[in-house]
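Here the structure comes first, spelled out in structure tokens, and everything after it is commentary.
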Amino acid sequence: MEIADLKAAIAGGLEAAGAAHGNQAAGGGAWNFLAKGEGTVVGADRESRAATLDVDVDGDGTGDVQIQLGPVVKGTALRDASPFYLFTDFKDQIEFAALARALNTKATEALTLPEGDLTGKHVRFEGAFALRSASEPIQVVPTRLTLGDRA
């Protein structure tokens with residue numbers, strides 16, 4: 001789903017948006033969403049092991065979405081946004097956590113970005129994010145990320 005549409009749905013109520021467009025593990029927890037979008041890079045931290053891009057998706061000049069570049073990725077959104085990965089299919093919690101780490105690693109290792117400052121560049125992305133409350137920042141773990149001109 002387009003990130004702008006998801007943001008609007010979440011602003012109307014996280015529980016309703018999650019029920020309509022997300023996935024939540026049995027027993028509750030964060031709502032996990034699959035999203036795609038595009039915008040302009042307005043900031044970046046590429047020095048940290050938890051490297052990120054701040055992306056303006058609504059044209060107001062401020063970052064609305066943070067793209068996690070890794071190699072350290074926070075959260076388990078890629079695993080938990082996918083309804084076919086069930087905890088009960090794994091031997092234990094350690095094995096289930098290893099799946100999340102492997103998905104995050106695979107996603108971030110596939111990213112290819114040019115060196116240097118990316119501020120002002122146009123970016124398109126697809127990925128997953130998790131929210132426990134509507135006021136949390138959106139931190140997308142990308143499965144696809146491209147830089148280029150606006151279409």
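Restricting the first member to the range 129-145 and to residues that are among the hydroxyl-bearing types (Ser, Thr, Tyr), and the second to residues that are surrounded by fewer than 20 Cβ atoms within 10 Å (Cβ to Cβ), the beta-carbon pairs closer than 7 Å and six or more apart or on different chains are SER133/LEU14; THR143/GLU126.
Under the condition of being among the basic types (Lys, Arg) and either over 14 Å from the mean Cα position of the chain (by Cα) or closer than 16 Å to ALA35 by Cα (or both), the residues counted in the range 65-100 number 2. For the range 77-99, state whether one or more residues are surrounded by 18 or more Cβ atoms within 10 Å (Cβ to Cβ), in contact with a strand residue (DSSP E or B) (Cβ under 9 Å, 6 or more places away or on another chain) and part of a loop (DSSP other than H, G, I, E, B). Scanning the range 77-99 turns up no residue that is surrounded by 18 or more Cβ atoms within 10 Å (Cβ to Cβ), in contact with a strand residue (DSSP E or B) (Cβ under 9 Å, 6 or more places away or on another chain) and part of a loop (DSSP other than H, G, I, E, B). Surrounded by fewer than 17 Cβ atoms within 10 Å (Cβ to Cβ) and over 28 Å from ALA102 (Cβ atoms): is that true of ALA9 in this structure? Answer is no for this residue.
Restricting attention to the range 138-151, the residues being over 14 Å from LEU69 (Cβ atoms) and at pLDDT 95 or above number 1. Taking the range 58-67 as the range and being surrounded by 20 or more Cβ atoms within 10 Å (Cβ to Cβ) and in a loop (DSSP other than H, G, I, E, B) as the test, only GLY63 passes. Report yes if some residue within the range 113-128 is surrounded by fewer than 20 Cβ atoms within 10 Å (Cβ to Cβ), of a type in the set (Gly, Ala, Ser) and in contact (Cβ under 8 Å) with a residue 40 or more places away in the chain; otherwise report no. Yes, the range 113-128 has at least one match. Among the residues of the range 32-61, those identified as aliphatic (A, V, I, L, M), within 16 Å of GLY120 (Cα to Cα) and modelled with pLDDT of 95 or more are VAL41, VAL42, LEU53, VAL55, VAL57.
Residues in the range 11-53 that are in a loop (DSSP other than H, G, I, E, B) and within 14 Å of GLN66 (Cβ to Cβ): ARG46, SER48.
The values are calculated or read from the model by the stated rules, or taken from the named source; none is laboratory data. Remember, it's a predicted structure, so these values are computed and weren't measured experimentally. Methodologically, a virtual Cβ is constructed for each residue, glycine included, from the backbone with ideal geometry; neighbour enumeration extends over all protein chains shown.
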